[in-house]
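The values are calculated or read from the model by the stated rules, or taken from the named source; none is laboratory data. Predicted model only: the values in this text are computed from it and were never measured. Here the Cβ positions follow ideal geometry from the backbone for every residue, glycine too, while neighbour counts run over all protein chains shown. Keep in mind that these areas ignore ligands, DNA and RNA; they rest on the heavy atoms of the full protein, side chains included. Shrake-Rupley method; radii C 1.70, N 1.55, O 1.52, S 1.80 Å.
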Amino acid sequence: MTIVCTGSIAYDYLMTFPGYFKDHILVEHLDSISLSFLVDSMVRQRGGTAPNIAYSLALLGENPLLFGTVGEDFGDYRVWLENQGIDTSGVAVIPGLFTASFFANTDRSNAQICSFYPGAMAQASSLSLKQLVKKPDLVIISPNDPGAMYKLVDECIELGIPYLYDPSQQLIRMERDEIRRGVLHAQSLFVNEYEFELLQKHSGLTPEIIQEHLQYLVITRGERGASIYAGGSEIRVAVVPPKQILDPTGVGDAFRSGFVRGVRLGLDWKTCGQMGALAATYVLEQKGTQNHAYTINEFIQRYAENFGDAKALESLLN
């Protein structure tokens, strides 16, 4: 079998307000705030950590299995994902519920007022990896219903399935022992540098203990690239300069996809990190988390332009 991508599956509803929120917030009346903003535009984008990761994996030649719960409004999304080469047979529809939805209203200063409706995602713990016909090579555990994340960790341990642990924004919802168990049994851990500090605070784990238990640790550092810790060494990877910056949402998901694809091909850590960096830049250059596109030949060519020798990536073509 292949890679199983677990995590949120959602629609993103993105709105723009032509003014400034701060002009309409009365600090002296915060205890009775009541506001409604007439927006100029709204678009619905396909989102969620699991399909975001699966999408870039598919662009790079994988055929990942999406695993999660959705609502009755998922039909068009499913068709689109299948057309991109993503297996959605692991996606369960929960009757009577909507797919998880993220609502963001952005003003002229890029300030945001957001809401997240979990919808069918709240039922994600009803799924079990034991229902899969074949044992996966890897399970990616990304932000999801906390109960589902804990169950997935338990099942991966029980079934002997390697997993990539990516708790990120759910760290604040997870208990100390849950975080420790997720980290200490993982094959790898992916976090940004703020999340890494938060993880240490909430788990009591030190960087040394974390690295000792993992095959590799990846910490993304925004404009300063990323650090890969493996075999007692740190490998630094620079970002790929974008042609334009339109939307940072989903950049981390694409980085994971590029990195994991490199690992699957047996490439060295630095090349894996550079693949992640390039995959991330493609997302940064577009609005939306799944609106970028490239052929494998285009990916290899741009890799060569930024990092030099791309001979190792020719295995992508096989």
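Remark: pairs (first residue in segment 92-104, free of Cβ contacts under 8 Å to residues at least 24 places away in the same chain; second residue of a type outside the set (Ser, Thr, Tyr); Cβ separation under 7 Å; 6+ apart in sequence or on different chains) = 95/72.
Could you list, in sequence order, all residues of segment 280-290 that are touching a helix residue (DSSP H, G or I) at 6+ places or on another chain (Cβ under 6 Å) and surrounded by fewer than 22 Cβ atoms within 10 Å (Cβ to Cβ)?
Start the filter on segment 280-290 by keeping residues that are touching a helix residue (DSSP H, G or I) at 6+ places or on another chain (Cβ under 6 Å), which leaves 280, 283-284, 289-290.
The answer is 284, and nothing else.
Before we move on, is residue 279 in contact (Cβ under 8 Å) with a residue 40 or more places away in the chain, within 20 Å of the chain's Cα centre (by Cα), assigned to a helix (DSSP H, G or I) and closer than 23 Å to residue 85 by Cβ? Criteria met by residue 279. Contact annotation: residue pairs with Cβ atoms under 6 Å, 6 or more positions apart or on different chains, pairing a residue in segment 18-47 that is surrounded by 12 or more Cβ atoms within 10 Å (Cβ to Cβ) with a partner that is acidic (Asp, Glu), are 20/107; 21/107; 45/12; 47/12. Total residues in segment 138-153 satisfying the condition of being outside any loop (DSSP other than H, G, I, E, B) and either open to solvent by less than 10 Å² (accessible area, probe 1.4 Å) or in contact (Cβ under 8 Å) with a residue 24 or more places away in the chain (or both): the figure is 11. The set of residues in segment 291-311 being surrounded by 18 or more Cβ atoms within 10 Å (Cβ to Cβ) and either at pLDDT below 95 or under 19 Å from residue 268 (Cα atoms) (or both) consists of 299, 300, 303, 307, 310.
Looking at 220, 249, just one residue is within 17 Å of the chain's Cα centre (by Cα), closer than 16 Å to residue 192 by Cα and either of a type in the set (Phe, Trp, Tyr) or open to solvent by 60 Å² or more (accessible area, probe 1.4 Å) (or both), and that residue is 249. Entry remark, segment 252-279: residues being open to solvent by 10 Å² or more (accessible area, probe 1.4 Å) and of a type outside the set (A, V, I, L, M, F, W, C) number 10 in total. The residues on offer are 159, 127, and the sole one that is in contact (Cβ under 8 Å) with a residue 12 or more places away in the chain, touching a Phe, Trp or Tyr at 6+ places or on another chain (Cβ under 7 Å), open to solvent by 10 Å² or more (accessible area, probe 1.4 Å) and not basic (Lys, Arg) is 127. Would you mind stating whether residue 78 is modelled with pLDDT under 95 and of a type in the set (Lys, Arg)? Considered against the rule, which asks whether it is modelled with pLDDT under 95 and of a type in the set (Lys, Arg), residue 78 comes out as no. Summed over segment 84-113, the residues that are touching a helix residue (DSSP H, G or I) at 6+ places or on another chain (Cβ under 9 Å) and either in a strand (DSSP E or B) or within 18 Å of residue 291 (Cβ to Cβ) (or both) give a count of 14. Taking the stated definitions as given, is residue 238 surrounded by fewer than 19 Cβ atoms within 10 Å (Cβ to Cβ), among the hydrophobic types (A, V, I, L, M, F, W, C) and modelled with pLDDT of 95 or more? Against the criterion (surrounded by fewer than 19 Cβ atoms within 10 Å (Cβ to Cβ), among the hydrophobic types (A, V, I, L, M, F, W, C) and modelled with pLDDT of 95 or more), residue 238 qualifies. Taken over segment 162-184, the residue count meeting the criterion of being assigned to a helix (DSSP H, G or I), of a type in the set (A, V, I, L, M) and touching a residue at least 60 places away in the same chain (Cβ under 8 Å) is 0.
Restricting attention to segment 223-232, the residues that are of a type in the set (Gly, Ala, Ser), closer than 15 Å to residue 188 by Cβ and either open to solvent by less than 60 Å² (accessible area, probe 1.4 Å) or modelled with pLDDT of 95 or more (or both) total 3.
You will find that of 105, 63, 110, the residue that is farther than 28 Å from residue 152 by Cβ and touching a strand residue (DSSP E or B) at 6+ places or on another chain (Cβ under 7 Å) is 105 and no other. Screening residue 189 on (1) more than 22 Å from residue 279 (Cα to Cα); (2) open to solvent by less than 40 Å² (accessible area, probe 1.4 Å); (3) not in a loop (DSSP other than H, G, I, E, B) shows it passes everything except condition (1). Checked against (1) open to solvent by 10 Å² or more (accessible area, probe 1.4 Å); (2) assigned to a helix (DSSP H, G or I); (3) closer than 29 Å to residue 10 by Cα, residue 209 meets all criteria but (3).
Residues in segment 51-83 that are loosely packed, with under 15 Cβ neighbours inside 10 Å and not in a helix (DSSP H, G or I): 63, 72.
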